[in-house]
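Undergrad: Structure in structure tokens, see below.
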Amino acid sequence: MEIVMSVAIGLLFMAAVYLMLSKSLIRIIIGTGLLSHGAHLLLLTMGGLGGTAPPVVADGVSVSDYADPLPQALILTAIVISFAVTSFFLVLAYRAYQELGTDNMELLRGTEDYE
Amino acid sequence: MRTNDVMLQTATKVVTFIILMFAVHIFFAGHYTPGGGFVGGLLTASAIVLLMLAFDLPTVKKIVPINYVVLTAVGLLIAIATASASIVFDVPFFTHAYDYFDLPLFGKTSLHSAMLFDLGVYLVVVGVTMTIIQTIGEDE
Amino acid sequence: MSNLALFPIVIPLIFAAVLMLFPKNVSMQRIVAIAGVSATLVSALFLFSKVSTDGIQAVTLGSWPAPFGISMVSDMLSVLLVLSSTLVTLFVLFYSIPTIGVKREQSYYYPAVLFLMTGVNGAFTTGDIFNLFVFIEVLLMASYALIVHGGEKPQLRESIKYLLVNIISSALFVSAVAYLYSVTGTLNMADLAVKIPEIEAVGILTVIAVLFLVVFGFKAAIFPLYFWLPGSYFAPPMAILALFGALLTKVGVYAIMRTYTLFFTMNIGFTHELLAIIAILTILAGCIGALAYFDVKKIIIYNIIIAVGVILFGISQMNAAGVEGSIFYLVHDMLIKAALFLLVGILTVIFGTSDLRKMGGLIKSYPLFGWTFLIAAFGLAGIPPLSGFPGKLLIVQGGFEGTHFWGSLVILATSLLVLLSVVRIFIYAFWGEPAKIVTIDRKHYLSIFVPTAILVALTVVLGAGAELFMPFVSDAGEVLLNPSLYIDAVLKE
């Protein structure tokens, strides 16, 4: 299972890098979304995939059956953060598109103000 | 072009309330089973977004006259206040308290101070999500 | 157990939430914001006195036993940084009231500053590596809001890049945490310091250490990851820039400092050697930038990068002189960078431009301002008895005592370049033929000059009173060099 997950993580990172290297802003945002998904999946896999019961104390479940709760808690936090950042990025991209009239990163180089 | 959205509007009138009820359920279920303030908040926000899709922004503003930034601030204050209460009792920050009560109708119920914190989270999530969506939506 | 360590984090958070309730009432916003930062400063002072008398203050949130809950640890280093960052924020706040503009003040400028403070103070205090990530994200969210605040075209353009760089580094941070957790099974820094020496697979830990160096290097702007900094920091208004320049990169530097002394010490021969080389390259790259531009903002921005290199070089030596020097220099740099940005901000207000070639002859009309600037410039370059000197001296000494005498030589040589880069501003702006200046009324000028001058005076006090300040610094250095002190305080509270 870990192997499959690793391949999936690799694919996610690969797609993310490909998208982030493109010029369109919206593709870049989708790329960052995939990147953080990859990172979250990595966190889940690295925490170990064992455990069949949810990490809440219940009758008839021994300690060895519980899933490790820490990666789950970490992922939840990371997801919330990436949710906030992605939505901020979307708002920013929208505003930038309105103000600057383009979503092409080539045209957003902007070295003219540096003089 | 104005599309015919009678179907959407009629369905929304029913579905919104189902989603809201489910949000409340998820919120209270959160202590021992999957759920909680974050998911509940997102569900509530999705119900409001559905209203916005079916009707338009000014109408929804009239139905739900809430300043979402203030809602976020209030949620944040509730959450911090709950966490900070532990300072008064001189136990480490975020320490939660719970006890069992016999309530009419519910019977034996466990009440947690963590629930108040979750209420804060719920309000923050609704507030932030709706602020973002309104920011994008209002420009059109 | 002491909740006092949390006060500098919680107080700004509460005030930020309160400030969000009435965004349009500008005068109330100002009063409450200043009250909030002052209250934080008072709590930080209390914490400082507590730490200096009773030693490290540790509290594990939610009454969990230590390695399982999130630990917050205030040792001397973190409390010094909390204190100086709060101080800097207070002065920047005073400076921003007359300069930032009512439109910005009404759209959540002060809450964003206080959220930034929450994040910065939290990152300095936390004793858990994932919690560090959370606090860094808090301060980043606030910094995103601040960098785009006002929504001018260059700001929008630069904040896209800033955001993208930080999202990528955050994803790498999560990945690095994942690897660390899978190898060690813990994320509590004190527990990591116990577990890592027991692990035999040094190779994988070295990889993780370098990955963390990359992650924190993005934030700290080390070579070659500093590419985003000059552009992004150029866009926002001066008060925000001062806040960023003084605080944000320092969080990255602190994180490297903490992790590379507390637990990533299994392969010093490789990781710290790498850190030393990168630090020197960072200094050189910063010097090239600082000398290349004729824009006052740019010159000071590149000086941030130089300082990051100097501090990290001290850390990489892992001896008492180097580490103490780094701590002293870190505190000094927070104050002096904020002061310099504010001074340069006054320059741009007076001339209406940030281009050096369009400035000149200001010493006749603003003599006091001119000499204040010169003192700050000398302080930055480390001329004794100003505050840059003791830190740099110790770092150089650390290099000679360690194996990197060539690094110390580079630092000494580049000090002259740093001096040149800032004195160039002085020569161009204050000497020569008087250039066209914008007339600003006396009251406005004083309202921005006074907080700046006080900040410069503070750095002079820090330099001249280094003897009094040194015991605290060596206290902080002792904890860094003896991780057992830190471990005992957290795990056996």
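Undergrad: Given the conditions (1) touching a Pro at 6+ places or on another chain (Cβ under 7 Å); (2) modelled with pLDDT of 85 or more, and given that A:GLY110 satisfies all but one, which numbered condition is not satisfied?
TA: (2)
Undergrad: Here's another thing I want to ask about it. Could you tell me whether any residue of region A:41-60 is outside any loop (DSSP other than H, G, I, E, B) and within 30 Å of A:MET105 (Cα to Cα)?
TA: Yes.
Undergrad: Of all residues in region C:293-326, count the ones that are farther than 15 Å from C:ALA221 by Cα, of a type in the set (S, T, N, Q) and part of a helix (DSSP H, G or I).
TA: Selection size over region C:293-326: 3.
Undergrad: Something else about it: In contact with a helix residue (DSSP H, G or I) (Cβ under 7 Å, 6 or more places away or on another chain) and under 21 Å from C:VAL296 (Cα atoms): is that true of C:VAL410 in this structure?
TA: no
Residues checked against (1) hydrophobic (A, V, I, L, M, F, W, C); (2) not in a helix (DSSP H, G or I):
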position	(1), (2)
C:LEU420	yes, no
C:ARG424	no, no
C:ILE437	yes, yes
C:ILE440	yes, yes
C:TYR445	no, no
C:VAL450	yes, no
C:VAL456	yes, no
C:GLY477	no, no
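Undergrad: Step by step: first the residues of region A:34-79, then only those that are farther than 22 Å from A:MET5 by Cβ and not acidic (Asp, Glu), then the one that is farthest from the other protein chains (Cβ to nearest Cβ). Which residue is that?
TA: That would be A:SER62.
Undergrad: Of the residues C:PRO8, C:PRO67, C:PRO23, which single one is within 14 Å of chain B (Cβ to nearest Cβ) and not in a helix (DSSP H, G or I)?
TA: Only one candidate qualifies: C:PRO23.
Undergrad: Test C:ASP191 against the stated conditions and say whether it is within 30 Å of C:GLY151 (Cβ to Cβ) and within 14 Å of another protein chain (Cβ to nearest Cβ).
TA: No.
Undergrad: Would you check if there is a residue in region B:61-75 being in a helix (DSSP H, G or I), loosely packed, with under 14 Cβ neighbours inside 10 Å and within 14 Å of chain C (Cβ to nearest Cβ)?
TA: Among the residues of region B:61-75, not one is in a helix (DSSP H, G or I), loosely packed, with under 14 Cβ neighbours inside 10 Å and within 14 Å of chain C (Cβ to nearest Cβ), which makes the answer no.
Undergrad: Checking A:ILE26 against (1) at pLDDT 90 or above; (2) within 11 Å of chain C (Cβ to nearest Cβ), which test does it fail?
TA: (2)
Undergrad: Got a sec? Which helices (runs of 4 or more DSSP H) wholly within region C:124-228 have at least 2 residues that are over 20 Å from the mean Cα position of the chain (by Cα) and touching a residue at least 60 places away in the same chain (Cβ under 8 Å)?
TA: Filter on region C:124-228 gives C:153-184, C:189-195, C:202-220.
For (1) surrounded by 22 or more Cβ atoms within 10 Å (Cβ to Cβ); (2) more than 8 Å from chain A (Cβ to nearest Cβ), each residue gets a yes or a no:
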site	(1), (2)
C:PHE115	yes, yes
C:GLY119	yes, yes
C:THR125	yes, yes
C:GLU137	yes, no
C:ILE147	yes, yes
C:GLY151	no, no
C:PRO154	no, no
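Undergrad: How many residues, within region C:33-56, are surrounded by 20 or more Cβ atoms within 10 Å (Cβ to Cβ), in a helix (DSSP H, G or I), more than 20 Å from the chain's Cα centre (by Cα) and among the β-branched types (Val, Ile, Thr)?
TA: Within region C:33-56, residues that are surrounded by 20 or more Cβ atoms within 10 Å (Cβ to Cβ), in a helix (DSSP H, G or I), more than 20 Å from the chain's Cα centre (by Cα) and among the β-branched types (Val, Ile, Thr) number 1.
Undergrad: Being among the hydrophobic types (A, V, I, L, M, F, W, C), surrounded by fewer than 20 Cβ atoms within 10 Å (Cβ to Cβ) and at pLDDT below 85: is that true of C:ALA435 here?
TA: It is true that C:ALA435 is among the hydrophobic types (A, V, I, L, M, F, W, C), surrounded by fewer than 20 Cβ atoms within 10 Å (Cβ to Cβ) and at pLDDT below 85.
The values are calculated or read from the model by the stated rules, or taken from the named source; none is laboratory data. Since we're looking at a predicted model, the values are computed, not measured. Counting neighbours? That spans all protein chains shown, and the Cβs are built from the backbone with ideal geometry, glycine included.
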